[in-house]
1. Please list, by residue number, every one of the GluC sites (Glu not before Pro) in region 233-304 that is coil in DSSP and has at most 16 other beta-carbon atoms within 10 Å.
2. Among I175, I40, rank each residue by its count of other Cβ atoms within 10 Å, from fewest to most, as a rough exposure measure.
3. Given the C-alpha atoms of region 226-288, compute the convex hull and give its volume per residue in Å³.
4. Of L246, S315, G62, which is farthest on the positive side of the dipole of the chain, counting Cα position, with +1 on Lys and Arg Cβ, -1 on Asp and Glu Cβ, and the Cα centre as origin?
5. Treat region 166-297 as a sphere of radius equal to its Kirkwood radius over Cα pairs and apply Stokes-Einstein at 25 °C in a medium of 0.890 mPa s; give the translational diffusion coefficient in µm²/s, rounded to a whole number.
6. Considering the alpha-carbon set of region 248-353 alone, what are its Rg and its Dmax in angstrom?
7. DSSP loop (so not H, G, I, E, B), at most 10 other Cβ within 10 Å: list which trypsin sites (Lys or Arg not before Pro) in region 1-100 pass both filters.
8. What pairs in K230/K347; K2/K80; K208/K317; K208/K230 have C-alpha atoms more than 28 Å from each other?
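Any read-out appearing in this document is the output of simple, stated calculations on the displayed coordinates, not a laboratory observation. A quick note: this is a predicted structure, and the numbers were derived from the prediction, not measured. Every residue, glycine among them, receives a Cβ derived from its backbone with ideal geometry; neighbour counts consider all protein chains shown.
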Amino acid sequence: MKYQLFAAILKAPRRLVIEEVSKPRCPPGGLLLETQICSICSTDVKMLYYGQRDLVYPRILGHEVTGVVVENRSHDTTFKIGARVQVAPGLSCGECAPCRRGADNHCDHIGIIGFNHDGGFADFLAIPPQSVRSGAVNIIPDGLDFEKAALTEPLACCLNGQELSGVSDGDTVLIFGAGPIGCLHAMLARVMGATQVLIAERLQSRIKMAGPTKADRMIDVSDGADAAIKEVVKEETEGRGVDVILLACPEATVAYPLLELLAPRGRICLFSGLPPENALIRLNANLIHYRDISIVGAYGCTTAQNSAALKLIASDKVEVDWLITKRVSLDQIHEGMEHAAQREGLKAVVTEF
Ligand SMILES: [Zn+2]
Ligand SMILES: [Zn+2]
């Protein structure tokens with residue numbers, strides 16, 4: 001048993017400090033976890049440098065979290081002491097209109113672990129009763145390790161984006177960005193039935209690392225994106241255009257040239273948030289009109305999508321282990337954040353607390 005407990009607390013933009021904390025109480029109806037693996041998300045990096053819409057300071061960050069149950073004050077006997085669990089970060093009520101429609105990521109009373117509730121960059125994590133009630137706490141299947149299970153939430157967010165943009169049998173999918181999210185999208189698109197997966201990326205290092213996605217084509221857009229992408233899309237689709245474009249990097253915007261890459265009934269998914277100064281865009285409405293184009297957004301994931309993503313990882317339908325390119329202890333979290341911010345590798349995870 002450790003006598004000193006620590007957490008990574010974001011106090012203000014750029015002020016992430018490791019501080020001694022007291023052990024959180026297990027909330028009535030909730031669970032207390034001893035954190036095992038918590039992975040670093042590009043949203044954590046964004047919060048560190050710029051803040052984020054749902055973030056409330058001061059905050060223990062970390063929403064891609066796995067742990068072991070050390071206390072259970074709920075009536076749910078599934079969660080025995082010692083159970084290995086993965087937690088979807090959304091706290092939803094289960095009763096409001098969005099929850100009843102299955103869109104619990106838009107719950108009227110939404111809370112998010114690691115955003116406005118304390119998260120997993122700490123020795124212990126208190127899981128509120130809503131998480132237990134809504135099915136946000138998942139038992140990790142035997143044989144699946146904590147590291148892979150910790151990548152459930154980002155995969156679930158990709159699933160949300162692909163369900164909303166209707167990725168399905170026979171689709172050609174073009175993904176912008178070969179970061180961890182772009183790579184997850186590429187592997188998931190196959191599971192959803194896509195027959196052709198193309199990835200556009202400007203960093204050579206990431207083009208090299210993305211090999212295991214088994215994308216049909218990596219499009220190097222290091223200099224002057226438009227021409228190269230247009231050429232490749234034309235070639236790969238016999239001039240028809242792609243069915244779905246997934247924007248998985250904050251540089252790509254949906255504006256004019258992208259619409260031209262789509263086949264009739266094509267869909268664009270705005271998966272990455274954009275810096276506010278780039279968020280206003282101009283669109284050619286006639287391209288959207290004449291070609292039955294749909295543009296969808298995607299933010300977060302539902303608890304059901306989280307559970308589905310965990311199953312996809314457990315069954316090896318989506319292989320995630322190769323995405324982890326850095327492992328740090330909690331007191332080295334700044335190195336992990338840097339690794340993600342510099343895009344030198346893919347995913348960094350905190351493995352020791
Ligand atoms: Zn995340
Ligand atoms: Zn609700």
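1. Of the GluC sites (Glu not before Pro), the ones in loops of region 233-304 whose Cβ has at most 16 other Cβ atoms within 10 Å are E238, E251, E260.
2. Least to most surrounded, the residues fall as I40, I175.
3. 84 Å³
4. With unit charges placed on the Cβ atoms, the residue in question is G62.
5. Translational D for this selection: 168 µm²/s.
6. Expressed in Å, the Cα Rg and Dmax of region 248-353 come to 18.4, 55.
7. Here the sparse-neighbourhood loop sites are K2, R14, R53, K80.
8. K230/K347
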